[in-house]
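These notes are about the structure you will find just below.
The values are calculated or read from the model by the stated rules, or taken from the named source; none is laboratory data. Quick caveat: nothing in here was measured; it's all calculated off a predicted structure. Here the Cβ positions follow ideal geometry from the backbone for every residue, glycine too, while neighbour counts run over all protein chains shown.
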Amino acid sequence: MLQLSPEAIHLNSQTMSGVIAYMIQQGTALFDIPPKLATDIRAYLAERERRKLSPKKEVDTHITAVVICMKFVTLFLFQSMVVTIGQSVSAAD
């Protein structure tokens, strides 16, 4: 377990308070799934179910695309949050 000095805890709490406040205020919007991604995930799951019921074995190549897409969305949301927090901190100064 990492032990921080009181000064480090104070500095970290000041830095993170803006992030936490933003996440509270924008919580539902931060984790919205883009409609296109939701459609792609539904299509993938339907295809996977169809293949499960089919006696013919096929190589599943779609999972990689879905995982990459989900990672992209997560990265995009994180970058958007950082930019927005940076703008709100700059505006507060």
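Data for the structure
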{"item": "Residue count, segment 26-50 (criterion: over 21 Å from THR84 (Cβ atoms) and of a type in the set (S, T, N, Q))", "result": "1"}
{"item": "Residue list for segment 1-15, restricted to those being modelled with pLDDT of 85 or more and closer than 17 Å to THR84 by Cα", "result": "none"}
{"item": "Of all residues making up segment 37-93, the number that are surrounded by 13 or more Cβ atoms within 10 Å (Cβ to Cβ) and modelled with pLDDT under 75", "result": "9"}
